[in-house]
Amino acid sequence: MGKNKKIAVFPGSFDPITVGHVEIVSRGLLLFDEIIIAIGINTEKKTMFTQQQRLDWIQKIFKKQPQVKCKVYSGMTIDFCKKESARFILRGLRSSLDFEYERIIGQMNRTMTAGIETVFLTSAPEHSHIASTVVREIIRSGGDATLFLPKGLIIPR
Ligand code: ADP
């Protein structure tokens, strides 16, 4: 396979990773040989969970799937793709709001780099309401977010 290996980068904050993200990766594996879940480090954005914690969770969830890797990156997603020889960016779409936002980023990325395509998968209907932002609110308020989290992801108390 070598050079023609289809590698996709799935970038995000994953603060924390949810069942919605996991489903996008699982379906993405039908299209790509390898998916790199890429935790973007944005110095402007304060996250609830540390980089290490988010990385540990993702590595644990996909430990039996060697086609799924998890890495941390800073800077431009397209530069990270080039570094990893990935020709695809994978993103999930929950709603038309996601679509409008993703369309602009996807088109700007393609303008800057010919050869990297963004591939969008629509979320499963039962996941289209799940957002890390709301999961964080639940956790902050002392609620139980288990239903939205992948099995085995334990929120430290
Ligand atoms: P970002 O800060 O880049 O939006 P997120 O971690 O929130 O990072 O999301 C990463 C990707 O996963 C985005 O493409 C987002 O649309 C997608 N995503 C988030 N939640 C879901 C979900 N419930 N179902 C499908 N895709 C999702």
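Values in this text are rule-based calculations from the coordinates and carry no lab data. Worth saying up front: this structure is predicted, and the values here are computed from it rather than measured.
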Tell me which residues come under 5 Å, amide H to amide H, from residue 93 once H is placed; ignore anything under 5 positions away on its chain. 121, 122, 123
Taking a ≥ b ≥ c as the square roots of the Cα gyration tensor eigenvalues, with a/c under 1.5 meaning rounded and otherwise prolate when a/b beats b/c or oblate if not, the chain comes out prolate
Set of aspartates and glutamates near residue 63 by C-alpha distance (under 17 Å), chain-local residues within fewer than 8 positions excluded: 23, 33, 34
Using alpha carbon centers only, the range 1-59 is separated from the range 104-118 by a whole-angstrom value of 19 Å
Calc'd 3J(HN,Hα), the range 11-28, phi into Karplus 6.51 cos²θ - 1.76 cosθ + 1.60 (θ = phi - 60°), Hz, glycine/Pro = x, comes to x, x, 8, 6, 10, x, 5, 10, 4, x, 4, 4, 5, 5, 5, 4, 6, x
Give 5/71; 83/151; 5/46; 6/46 a once-over and call out the pairs whose C-alpha atoms are over 28 Å from each other. 83/151; 5/46; 6/46
Along the range 72-87, what does the Karplus equation 6.51 cos²θ - 1.76 cosθ + 1.60 (θ = phi - 60°) give for ³J(HN,Hα), rounded to whole Hz, x for Gly and Pro? 10, 9, 10, x, 6, 4, 5, 5, 5, 4, 4, 4, 8, 6, 9, 9
Can you list the aspartates and glutamates whose alpha carbon is less than 13 Å from that of residue 45, not counting same-chain residues fewer than 8 positions off? 15
Return the long-range amide H neighbours of residue 69 (sequence gap of 5 or more, or a different chain), with a cut-off of under 5 Å between placed amide H atoms. 35, 36, 37
Karplus 3J(HN,Hα) series, Hz, for the range 121-128 with 6.51 cos²θ - 1.76 cosθ + 1.60 (x for Gly, Pro): 10, 6, 5, 4, x, 6, 10, 6
Degrees separating the helix 96-112 axis from the principal Cα axis of the chain, which is the longest one: 30 degrees
Average Cα contact separation per residue, the range 1-63, under 8 Å, 6 or more apart, as relative contact order %: 43 percent
Expressed as a whole-number percentage, the relative contact order of the range 2-142 with C-alpha contacts under 8 angstrom and at least six residues apart is 31 percent
